[in-house]
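The values are calculated or read from the model by the stated rules, or taken from the named source; none is laboratory data. In this text, all values refer to a predicted model and were calculated from it rather than measured experimentally. Please note: Cβ atoms are built from the backbone with ideal geometry, for glycine as well, and neighbour counts cover all protein chains shown. Remember, those area values only see protein heavy atoms, side chains included, never the ligands or the DNA or RNA. Shrake-Rupley method; radii C 1.70, N 1.55, O 1.52, S 1.80 Å.
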Amino acid sequence: MPAPSLDTFKVLTFDVVGTLIDFEKGILDHLRAVSGRSPAELSDATIFASYLKGRELNYERSSEVFADVYRHVAKELGFPNSDADADAFQLSVLRWPAFSDSVAALKRLRKHYRLVAMTNADRSAFSFYSHTLGGPFHDSVTYDEAGVAKPNPQFFAFNRGRQSAFGYKQSDMLHVAQSQYHDIGIARDLGYTVCWIERRQGLEGFGGTPEPERLTTPDYHFPTLEKLADAADAAFAAAARQAA
């Protein structure tokens, strides 16, 4: 069955970290600066494997536990491991950059849709990311409100109930995300229409995101958020011409 036209949706729900915020660049830039090692000496895959284990062991509020994530990585990979080093990594998490297309694409998408952030970051960390992105969201759900993290289906249930209070149904929503593990698979299983922004297109592996048990075929698939904005603009323009 073909996906509904993009002009039929009223709400875009977004994963933030990995889809809009380039956390992989933030992690790699900081840890390479700390270690002084080149990619030839220490691969991206090695860094991400250690990071993922550290995050799995320290899965709570992101604005509090990333110092402990750093301590795990530092011990495993032989990085400097003082309290100051751990604190510096914790602060760097709040300064992760946006992807180059995120801000402009979100401004374009906001003309057509209600934009809702659905992030495993906590409220404190999300406030920094929202500022970095230009404050584009009409609403947001973080780890603090949901009390769980994606891919737990309760996170999606919490947001579905929240949006229903504003008069929106699940069928009104398109879930937009990069992570097959945290978002695309579970959202599709729960009956959402999904859009995969494949930020790692052309790269091997899953980087700083856990590997999913299976790859889920999305309803929409774009390499960047800009391409989604292009498709949305085209869909709404076609609908306007048809209505004229």
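Here are a few things to note about the model shown:
- D101 modelled with pLDDT of 95 or more and over 20 Å from the mean Cα position of the chain (by Cα): no
- Looking across the stretch 75-86 at every residue that is surrounded by 17 or more Cβ atoms within 10 Å (Cβ to Cβ) and in contact (Cβ under 8 Å) with a residue 40 or more places away in the chain, the one that is nearest to L57 (Cα to Cα) is identified as L77.
- For F158, the criteria (1) open to solvent by less than 50 Å² (accessible area, probe 1.4 Å); (2) in contact with a helix residue (DSSP H, G or I) (Cβ under 8 Å, 6 or more places away or on another chain) hold in every case but one, which is (1).
Residue by residue, here is whether (1) surrounded by 14 or more Cβ atoms within 10 Å (Cβ to Cβ); (2) within 19 Å of the chain's Cα centre (by Cα); (3) not in a loop (DSSP other than H, G, I, E, B) holds:
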position: L31; (1), (2), (3): yes, no, yes
position: V34; (1), (2), (3): yes, no, yes
position: R37; (1), (2), (3): yes, no, no
position: L42; (1), (2), (3): yes, no, no
position: L52; (1), (2), (3): yes, yes, yes
position: E56; (1), (2), (3): no, yes, yes
position: E60; (1), (2), (3): no, yes, no
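- Residues satisfying the stated conditions in the stretch 57-84, i.e. at pLDDT below 95 and of a type in the set (D, E, K, R): E60, R61, E64
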